[in-house]
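Visitor: Structure provided below as structure tokens; questions to follow.
The values are calculated or read from the model by the stated rules, or taken from the named source; none is laboratory data. Please read these numbers as outputs of a predicted model, since none were measured by experiment. Because the Cβ atoms are built from the backbone with ideal geometry, glycine has one as well, and the counts that use them run over all protein chains shown.
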Ligand code: HEM
């Protein structure tokens, strides 16, 4: 255990580090990737300049440091990150590398303020925090491996079908190249796709939600084509433009803690914006397969009719439910008089009479959409534990003080 003195030093210096966060983080990544370029196979370097997810890593270290004497308060956030790490192949031996470079950058940025005593305290605290991640991740690796058809890191899958779902979304059906069974997963979970794109020095990774119920002879992901100038769209656009039936990609075992919870019986709402629809399709499909009698409210917001994916599939699935309703709307409809339930953004007024207070709500979509919907649901009296959401990309706000 950490000494009281160490705890005090770490807690009192955490806010200082946080204010220097961006500086420390940029020094940190530059140093780490210079000394360990192989880590660029894991990190999302396509987006290095923006440094969004990189900042998330450092921020979480500071958040953990502030709570170093009560780390259990950040466990839910750690759980989410642990899944992401496992899906990317982060291993125990990586932690000392991150730790070493984090400390070097703290020293460099803080200069004289970083006394030996401060650095030692942080080294100790980092060790404790890292161990929490390592232990959780070890459990997740074991779980992935012991599944029927399971594996630990990445495994080759063959594309057996490629289906266009809208002007921008295309589904890929993936089957293990080794002929082994497809493992089960929880509806809402994602896989990491790892590709080696010609001309790129390092592999690129990207997470995609599985978009059908488990129990099929394939994984299905539904991928949105991005603007060619969007660095984060590299993998998606490569899949769209260069990966065809018969080709192989590397796939992680399913991961993630945003998923349907078995055994729950209260009403459920699945609320999505844009390609945030994909995990909802898996959940909806599962609710149909299990013949649930829960009230299911499926709400989808798309930019317009042309980019509205799975319009028919979702309608068909909802129709098979004992107690399901389907609403969709368009931010900017092409045909303002056409079929849809709302125009513009989803409003509290719209949700008010559709979502009872005991509803379990799952929300997925771009960050502004999420923030909006999460706020509205809270205003409508939905409890925090029943507001479950997944960001696209890194979770920026991970813990409260
Ligand atoms: C992502 C925290 C150690 C590799 C993240 C995220 C957080 C985080 C908060 C963002 C999660 C999200 O996107 O939802 C931490 C903490 C660590 C730690 C607190 C140490 C205690 C490591 C290590 C590695 C690693 C040792 C491997 C060398 C990554 C990668 C991502 C990530 C590759 C995804 C971001 C990207 O694609 O660039 N981590 N992490 N992390 N972490 Fe860690």
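Visitor: Given the criteria surrounded by 17 or more Cβ atoms within 10 Å (Cβ to Cβ) and within 30 Å of residue 307 (Cα to Cα), does residue 183 qualify?
Guide: no
Visitor: Turning to a different aspect of this structure: Residue 369 fails exactly one of the following numbered conditions: (1) under 22 Å from residue 287 (Cα atoms); (2) more than 16 Å from the ligand (Cβ to nearest atom); (3) in contact (Cβ under 8 Å) with a residue 60 or more places away in the chain; (4) touching a helix residue (DSSP H, G or I) at 6+ places or on another chain (Cβ under 8 Å). What is the number of that condition?
Guide: So the condition that residue 369 fails would be (1).
Visitor: Working carefully through the options 180, 201, find the one that is outside any strand (DSSP E or B), in contact with a helix residue (DSSP H, G or I) (Cβ under 8 Å, 6 or more places away or on another chain) and more than 25 Å from residue 262 (Cα to Cα).
Guide: 201
Visitor: Quick one: count up the residues across region 64-79 that are buried (at least 17 other Cβ atoms within 10 Å of the Cβ) and either within 25 Å of residue 144 (Cα to Cα) or near the ligand (Cβ under 8 Å from one of its atoms) (or both).
Guide: Result for region 64-79: 4.
Visitor: Quick one: would you say residue 141 is in a helix (DSSP H, G or I), near the ligand (Cβ under 10 Å from one of its atoms) and modelled with pLDDT of 95 or more?
Guide: Criteria not met by residue 141.
Visitor: Of all residues in region 84-98, which are more than 6 Å from the ligand (Cβ to nearest atom) and crowded, with 20+ Cβ neighbours inside 10 Å?
Guide: Passing the criteria: 86, 87.
Visitor: Which count do you get for residues in region 153-177 that are within 16 Å of the ligand (Cβ to nearest atom) and not in a strand (DSSP E or B)?
Guide: Summing the residues that are within 16 Å of the ligand (Cβ to nearest atom) and not in a strand (DSSP E or B) in region 153-177 gives 1.
Visitor: Within region 64-116, how many residues are more than 26 Å from residue 254 (Cα to Cα), touching a residue at least 60 places away in the same chain (Cβ under 8 Å) and part of a loop (DSSP other than H, G, I, E, B)?
Guide: The number of residues fulfilling the criteria is 1.
Visitor: Hey, another quick one. Considering only residues that are assigned to a helix (DSSP H, G or I), within 10 Å of the ligand (Cβ to nearest atom) and modelled with pLDDT of 90 or more, which ones fall in region 30-63?
Guide: Listed by number, the residues that qualify are 32, 38, 39, 40, 41.
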